[in-house]
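**Q** Let me give you the structure first, and then I'll get to my questions.
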Amino acid sequence: MATLDGKPVAADDLLGLALTNIGHFTSMRVSDDGSIRGLSLHMERLARDCKIVWNADLDTDHVRWCVRHALESQQRPCVVRVTIFDPKTGMGHPAAADDPHVLVSVRKAGALPPPPLRAKSIVYERDLPEVKHVGLFGALHARGAAQRADFDDALFVGRDGLVSEGGTWNVAFVDQEGTVVWPAAPVLPGVTMALLRQHAEHRVATITLDQAKGMAAAFATNTSVGVRPLSAIDDTEFPVEHPSLRQLQETYLSIPGESL
């Protein structure tokens, strides 16, 4: 189910998005009561990225209305994705596209937390990593390569040898002293990551792949999975019942949601 500015979307409306792959988005998990953790941060992300991608201001009140409208007949919990794009975007002169519209799609949410994740390290750096853009070819190609090697997803390592993020998630570690460590690298500033940083002690440091494999535990975060333990990176296994991981999961679930 998808709507464009609150109306049923037609195939022709999506041609610009499909043929140019220019746009940005955010995904939000809607709880049983209709609230969304980090809703304000999601709106801030959309407004910030809209300025970067389209050089345009975004009416976040309109975005909220579009999301409310799309959720009227949906079962909860669910995950709603808001994609901002201009239907008239063309390959020849993309700078002419400066009138972004709001595409809202909804899917069923999985249980929290999902099963632990096995990640394969892959050398890859996303284009414009600070923006949650729709250019997912490289990330999904890496995910597919990891899955064909019998892993669940890819963990990105930059050409500088530093761990950055996952296919569609942020990664963090628990060091041998029990401190949460977030990679200092060009990554998407995730909303779940931001919420955890607000509510749990942590530090930020550069992390090589070897250093990552020497950590006491590892986990992935995004709005769909919350705090998801990593059970392995390559051939290095991690405990998925580490007490710090349980505490982080409880901390995340205790964060109150915001109303649309």
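The values are calculated or read from the model by the stated rules, or taken from the named source; none is laboratory data. What you see is a predicted model; the values in this text were computed from it and never measured. Note: ideal-geometry Cβ built from the backbone for every residue, glycine included; neighbour counts use all protein chains shown. Heavy atoms of the whole protein, side chains included, go into the accessibility calculation; ligands, DNA and RNA do not. Shrake-Rupley method; radii C 1.70, N 1.55, O 1.52, S 1.80 Å.
**Q** Gln74 versus (1) free of Cβ contacts under 8 Å to residues at least 24 places away in the same chain; (2) in a loop (DSSP other than H, G, I, E, B): which is the lone unmet condition?
**A** (1)
**Q** For region 59-89, name all the residues that are open to solvent by less than 30 Å² (accessible area, probe 1.4 Å) and either closer than 23 Å to Thr20 by Cβ or of a type in the set (Lys, Arg) (or both).
**A** Val63, Cys66, Val82, Thr83, Ile84, Phe85, Asp86, Thr89
**Q** Right, here's the next one. Between Ala119, Ala56, which is in contact with an Asp or Glu (Cβ under 6 Å, 6 or more places away or on another chain), in contact (Cβ under 8 Å) with a residue 12 or more places away in the chain and in a loop (DSSP other than H, G, I, E, B)?
**A** Among Ala119, Ala56, only Ala56 is in contact with an Asp or Glu (Cβ under 6 Å, 6 or more places away or on another chain), in contact (Cβ under 8 Å) with a residue 12 or more places away in the chain and in a loop (DSSP other than H, G, I, E, B).
Okay, residues lined up against (1) open to solvent by less than 30 Å² (accessible area, probe 1.4 Å); (2) over 15 Å from the mean Cα position of the chain (by Cα):
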| residue | (1), (2) |
| --- | --- |
| Lys132 | no, no |
| Gln147 | no, yes |
| Asp153 | yes, no |
| Leu162 | no, yes |
| Trp169 | yes, no |
| Val181 | yes, yes |
| Ala184 | no, yes |
| Leu195 | yes, no |
| Glu201 | no, yes |
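**Q** Test Asp235 against the criterion of being in contact with a Leu (Cβ under 7 Å, 6 or more places away or on another chain), free of Cβ contacts under 8 Å to residues at least 60 places away in the same chain and open to solvent by 50 Å² or more (accessible area, probe 1.4 Å), and give yes or no.
**A** no
**Q** Something else: Farther than 18 Å from Leu117 by Cβ and of a type in the set (Val, Ile, Thr), is that true of Thr206?
**A** yes
**Q** Would you point out the residue of region 14-33, among those that are within 14 Å of Ala97 (Cβ to Cβ) and open to solvent by less than 50 Å² (accessible area, probe 1.4 Å), that is modelled with the lowest pLDDT?
**A** Selected residue: Gly16.
**Q** So Gly38 fits all but one of (1) touching a strand residue (DSSP E or B) at 6+ places or on another chain (Cβ under 6 Å); (2) of a type outside the set (D, E, K, R); (3) surrounded by 18 or more Cβ atoms within 10 Å (Cβ to Cβ); (4) under 26 Å from Pro113 (Cα atoms); what number is the exception?
**A** (1)
**Q** OK, next. Which ones in region 134-145 are open to solvent by 50 Å² or more (accessible area, probe 1.4 Å) and touching a residue at least 12 places away in the same chain (Cβ under 8 Å)?
**A** Phe137, Leu140, Arg143
**Q** Within region 29-47, does at least one residue satisfy the condition of being free of Cβ contacts under 8 Å to residues at least 12 places away in the same chain, acidic (Asp, Glu) and part of a loop (DSSP other than H, G, I, E, B)?
**A** No, that holds for no residue.
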